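Notes follow the structure.
The values are calculated or read from the model by the stated rules, or taken from the named source; none is laboratory data. Predicted model only: the values in this text are computed from it and were never measured. Cβ coordinates were reconstructed from backbone atoms using ideal geometry, including for glycine residues, and neighbour counts include every protein chain displayed.
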């Protein structure tokens with residue numbers, strides 16, 4: 001249990017710091033494109049082109065962020081196997097606080113009182129969830145769950161790309177939310193994949209859940225990178241939190257047998273609601289602030 005919690009905390013700080021570094025690198029790459037007069041940085045809808053996203057991913061700060069993402073990924077995998085998913089994901093989702101604080105220092109993000117209130121609601125809710133967790137369920141999932149998580153990941157990736165094409169430069173929060181859902185699907189897939197303990201590579205490779213881990217991880221990373229390019233780092237991160245926390249938490253309880261402390265199921269539900277509401281509030285506030293800043297930048 002303790003090892004799982006420590007692993008989740010490691011993922012929390014790794015992901016939170018990585019988000020800020022990736023946002024810094026993505027914005028720097030976009031500014032460099034503008035200075036060099038590169039014209040293929042966006043699509044007709046205003047969303048970043050694939051080439052622009054690749055250039056952003058090659059920025060030094062972005063690469064440093066990816067290194068921290070690897071550390072975070074290892075922590076998330078370990079925690080998903082050792083503690084209930086609703087606890088593992090909520091601890092990791094506290095990276096929103098790390099992102100917000102570092103965003104003020106590194107990116108010059110301005111957080112208003114309403115942002116801090118919403119962040120406080122998220123943090124308190126996550127703490128309550130941590131204290132009300134019970135035991136991890138035994139994996140009795142059948143092939144349907146393994147195939148289901150793969151199909152779900154494919155559908156969400158297609159939906160995320162479609163939303164980006166539809167919303168263009170206004171799609172940061174949507175992209176962050178879908179990326180979070182994909183990361184949540186990845187956590188479920190990590191939990192159920194066969195051939196891990198004991199480790200049998202041949203078993204892992206033929207398990208649909210293993211392919212869901214890869215697809216959801218890569219797809220979520222791509223969508224979140226785009227979200228950082230086009231919108232508020234705080235808003236995109238908050239939407240990510242909502243997506244990666246709620247779905248795997250519910251799946252862990254309903255399908256995988258994760259439990260809360262005896263008699264505290266109602267408090268778990270209340271804390272989940274608080275985390276979602278707070279995260280969505282920060283997402284909306286961040287998106288609104290980004291929208292307001294764009295006209296000011298044009299007229300300034």
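Of the residues in segment 8-49, how many are modelled with pLDDT under 75, in contact with a helix residue (DSSP H, G or I) (Cβ under 9 Å, 6 or more places away or on another chain), over 14 Å from residue 228 (Cα atoms) and assigned to a helix (DSSP H, G or I)?
Going through segment 8-49 one residue at a time, the tally reaches 2.
When you check residue 251 against the structure, is it surrounded by 24 or more Cβ atoms within 10 Å (Cβ to Cβ) and part of a helix (DSSP H, G or I), yes or no? Working first, answer last.
Values: surrounded by 24 or more Cβ atoms within 10 Å (Cβ to Cβ): yes; part of a helix (DSSP H, G or I): yes.
In short, yes.
Among helices (runs of 4 or more DSSP H) lying entirely in segment 144-237, which contain 2 or more residues that are in contact (Cβ under 8 Å) with a residue 40 or more places away in the chain, in contact with a helix residue (DSSP H, G or I) (Cβ under 8 Å, 6 or more places away or on another chain) and crowded, with 17+ Cβ neighbours inside 10 Å? First the steps, then the outcome.
Numbers: elements: 172-192, 201-205, 208-230.
Counting at least 2 such residues, we get 172-192, 208-230.
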